[in-house]
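Throughout, read-outs are computed from the coordinates displayed, never taken from laboratory work. This one's a predicted model, so the numbers in the text were calculated from it and none came from an experiment. Here the Cβ positions follow ideal geometry from the backbone for every residue, glycine too, while neighbour counts run over all protein chains shown.
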Amino acid sequence: MFRKLTRRFFFKSTLAISALAPPLTSTTQTYKSPAMAKTSPSSESIKAFRGSFLDCVADPFYVSQAESIRFIPDGLLVLKDGKVEAFGDFSTISGKYSGVPITDYSGFLITPGFIDTHIHYPQTEMIAAYGEQLLDWLNKYTFPTERQFQDKSYAQRIASFFLDELVKNGTTTALVFAAVFPESVDAFFEEAERRNLRMIAGKVMMNRNAPEYLLDTAKSSYEDSKRLIKKWHKKGRLLYAVTPRFAITSTDEQLQLAGKLLQEFPDVYMHTHLSENKDEVAFVKKLFPDSQDYLAVYEKAGLAGSRSIFAHGIYLSDSEFERLSKANCACAFCPTSNLFLGSGLFNLAKAKSTTTPVKVGLGTDVGGGTSFSLLQTANEAYKVAQLQRQKLSSFKALFLATLGGAKALSLEDKIGNFDVGKEADFVVLNPLATPLLKLRNKELSPAKSTLEQVSDQLFALFILGDSQVVHATHVMGTLAYTKNG
Ligand SMILES: [Zn+2]
């Protein structure tokens with residue numbers, strides 16, 4: 001595939017220099033192909049985008065770059081009703097869509113929207129809280145902050161800010177912890193619905209080992225979650241996750257009732273934390289002396305399945321990796337949080353091994369995490385890998401942030417790349433967004449790059465980039481954010 005695309009690029013670059021050349025600005029134009037004008041379809045619900053497209057069609061951890069990475073230097077993405085209608089080389093398919101309005105992003109690099117597989121919206125305002133590891137950090141900063149989310153209007157205001165921040169960073173789907181209060185879930189989903197975002201969220205279930213003001217009961221958490229599932233799950237693009245905070249803050253009875261919800265609603269998600277911090281693991285052992293390990297606490301309650309996403313998983317035993325793999329569970333790798341809270345280093349190579357493969361997505365874990373940007377999250381993921389003598393290439397990081405995240409969330413039939421039929425959430429990146437990036441990336445437009453050059457540019461974007469390099473974000477094809485206002 002690489003050879004073929006590269007060849008096509010060289011051919012095209014001699015024909016379409018004017019479209020590929022800087023300046024890096026986007027415009028909307030109507031492309032007319034005189035030869036095809038009489039026979040081409042035209043519909044108001046159809047629109048198209050031109051630019052350099054990069055996505056994953058398979059998992060580069062398991063198959064070659066040629067089999068997993070799709071780079072189209074001068075591509076056209078045609079959408080109908082927000083979904084991909086056609087995708088390919090501009091010169092090959094543009095003729096079929098004459099009369100269709102084209103937004104021209106030539107000079108930019110367009111990737112699928114980023115997917116954040118673990119984040120807490122009520123912790124937005126307590127990001128960068130100084131000095132503690134997990135359990136003290138929760139008591140000192142997190143719990144008092146989350147208390148405010150019993151006020152619906154307050155929750156609404158933060159949810160709105162939070163979603164704006166995600167989209168500004170190119171994130172179009174996230175798996176989100178709300179707070180213990182059902183109002184906080186309503187507020188979040190109402191804001192996500194207004195933006196037509198594909199979001200997964202749930203009410204936190206927690207009935208012990210936290211301040212009284214933040215506790216529910218096993219029974220109330222079951223009933224509230226059930227009502228919220230009926231209200232929000234599959235409403236538009238929204239999906240529900242049964243969300244016990246972690247084993248420490250739930251009694252066995254509450255975990256069992258969480259499992260009952262999964263039985264009653266088999267297509268909702270399960271979202272919790274697992275083996276993040278050594279003190280946490282020791283505390284779980286004390287609270288559940290009959291469990292062989294941390295994961296077993298969840299397994300006994302029926303919480304480990306193919307729609308279960310466990311954040312962190314730093315201190316997993318071989319047996320736990322094996323069981324996660326067998327049950328087709330996912331882990332959210334949250335490097336900025338793991339470094340910031342001094343939690344530890346996630347063993348990515350082990351999770352992506354062929355012997356015990358576990359689905360992995362990237363999570364920012366704001367507010368334990370320090371950035372909303374999946375680019376910055378990939379930057380820290382690279383360093384966490386380095387500290388363990390592992391490597392994380394730019395294309396593997398791209399996979400984790402897009403198609404890998406979609407697979408972790410069992411959404412690969414809907415999002416994660418530009419396959420025909422998928423929902424068109426995408427991000428327009430500017431590889432030359434800052435003076436330093438211009439210098440680093442040698443002012444080379446991705447439209448004029450080979451696959452290897454794009455790999456290198458993308459690596460620089462991961463290491464040096466954040467929301468500054470996001471030129472625009474589109475949700476179901478609709479412009480949701482642009483740097484130009
Ligand atoms: Zn978390």
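Per-structure values
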| read-out | value |
| --- | --- |
| R0 of 30 Å, Cβ-Cβ distance residue 355-residue 278: FRET efficiency to nearest 0.05 | 0.75 |
| Separation between Cα centres of segment 283-330 and segment 380-430, rounded to whole Å | 24 Å |
| Residues of segment 266-301 with amide N under 13 Å of the 7 Å Cα→Cβ point at residue 256 | 300-301 |
| Calculated FRET efficiency for the pair residue 140/residue 442, C-beta based, R₀ 56 Å, to 0.05 | 0.75 |
| Summed residue charge, Cβ within 15 Å of residue 381's Cβ, Lys/Arg positive, Asp/Glu negative | +2 |
| For segment 167-216: relative contact order, % (alpha-carbon pairs under 8 angstrom, 6 or more apart) | 41 percent |
| Ranking of 72, 46, 119 by count of other Cβ atoms within 10 Å, fewest first | 46, 72, 119 |
| Helix-only [θ]222 nm of the chain, DSSP H runs n ≥ 4, -39500 (n - 2.57) each, per residue, nearest 500 | -10000 deg cm²/dmol |
| Cβ-defined net charge surrounding residue 346, 12 Å radius [Lys, Arg +1; Asp, Glu -1] | 0 |
| Residues 198, 389, 323 arranged by fewest to most Cβ contacts within 10 Å | 389, 323, 198 |
| Relative packing of peptides 148-160, 337-349 - highest average C-beta neighbours within 10 Å first | 337-349, 148-160 |
| Cα pair count fraction exceeding 22 Å, expressed as % - segment 312-459 | 46 percent |
| 15 Å reach of a label modelled at residue 452, 7 Å along Cα-to-Cβ, counting backbone N of segment 51-69 | 65-66 |
| Over 31 Å [Cα-Cα, the chain], rounded percent | 41 percent |
| Relative packing of 378-385, 176-183, which averages over residues the other C-beta atoms within 10 Å, highest first | 176-183, 378-385 |
| Relative contact order [Cα under 8 Å, 6+ residues apart], the chain, whole percent | 18 percent |
| Relative exposure of 235, 414, judged by other C-beta atoms within 10 Å (fewest first) | 235, 414 |
| Mean Cβ count within 10 Å, highest first, over the residues of peptides 428-438, 212-222 | 428-438, 212-222 |
| Förster-model FRET efficiency, 25 Å R0, residue 190 and residue 479, C-beta, rounded to 0.05 | 0.70 |
| Residue-count net charge about residue 153 - beta-carbon cut-off 13 Å; Lys, Arg +1, Asp, Glu -1 | -3 |
| Nearest-ten-degree value, helix 278-287 long axis tilted from longest Cα axis of the chain | 40 degrees |
| Helix 451-464 axis, angle to the chain major axis (alpha carbon atoms, nearest 10°) | 50 degrees |
| Extension gain from residue 306 to residue 164, taking 0.36 nm per residue of separation minus the Cα-Cα distance | 48.1 nm |
| Antiparallel bridges, percent of DSSP beta bridges restricted to the chain (to nearest 5) | 50 percent |
| Long pairs among 352/414; 352/396; 234/422; 326/407, criterion Cα-Cα beyond 19 Å | 352/414 |
